[in-house]
Amino acid sequence: MSQDAPEIEPMQSDPPPGTAIQIAADLLMTLVSNEREEAKQESEMRLLQVKTYFQDYKRSARERREADAQNLASAQRQIQDLERRLSELQNLKRADEAMLRDLSGQLQSLQQERMYLHSELSSLNAQSRVSHNSSLPPADVISDLARYGIMYYGQDALSFGEQWLHLWNQYVSEEPNDPGLSSDDRITPKELLILLQNFLGQVQKDKNTIESQSQIIAKLEREHAYLLSLCNNDQKQQVQQVRPSAVNVRVPVNQVSNSYAYNDTQGAQDTQMTGVTSDASAIFYNSPGAQMPFDSTHPS
């Protein structure tokens, strides 16, 4: 029952029966009207709440649908991208498979060619060993060459010792700023021919110089013997003039004694010059560890 219902005043006297019924009916109608009004208000309030909830649910559902639509579109784009990448990878896979098949065929061909070349190389190596052994000079020739500092360095190749390099730098190298050959360098047989030709020319030149100096020394020795005989014959007298029949020159006594010293000194100088000009043979004796290239009896 509603609290707003009018209170029933106590009857001070018994109303007539019709009036009491009417009052009760009015009270009942008032009560029903109040209850109906309260129920209506409550129903309207609940309806408003339901409408509000429904609107919120509808808005939330619309937002969820929009978000789901966006997610679906993004997922579809990702699926399309993945499908496109899958198609590209499949195309690459097919291309790689074709390339692998091609490379596999090439590899088999190269392996066959390798086997063929390996057999050819083995055959060539065998032929090379046979030809190398057949082209080797005799052992005594190799030993004789080694005695003179010439080593067999391979087919048609020779290696020469330091004494040959020294000769090369002395007789062949013509550049003033050329440092010449070092011990790490080697002379080819062609260069050896040039060395021997220059060496032979120098030896011939030294030989001519020696012969010329020997003639001069012999002439000076004859003059010295002649003057010495004159001095022995006339040592008790003071000789003013000397007239040798061969030379026809007047020589005072004091110059005769000087000529002795001159001839002795000149002879020593000529002898020393002879040793200096004989560079062809001295080059091996003056250098440490050198060997005479033409001395077949020299120990190795």
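Approximating the spin labels as points 7 Å out from Cα along Cα→Cβ, the residue 32-to-residue 96 distance works out to 8.9 nm.
Counting 0.36 nm for each residue step from residue 204 to residue 216 and taking away their Cα separation leaves a gain of 2.5 nm. Listing 203, 32 from fewest to most neighbouring C-beta atoms within 10 Å gives 32, 203. Here 226, 116 are placed in order of increasing Cβ neighbour count within 10 Å, fewest first, which gives 116, 226.
I'd like the FRET efficiency for residue 144 and residue 116, computed as 1/(1 + (r/R0)^6) with the beta carbon distance as r and R0 of 41 Å, rounded to 0.05. Once the sixth-power term is evaluated, E becomes 0.40. A straight Cα-to-Cα reach below 25 Å connects residue 219 with the lysines 205, 207, residues fewer than 8 places away in its own chain not being considered.
Read-outs: derived from the displayed coordinates by stated rules, not from any lab. Remember, predicted model here, so these are calculated numbers, not experimental data. Please note: Cβ atoms are built from the backbone with ideal geometry, for glycine as well, and neighbour counts cover all protein chains shown.
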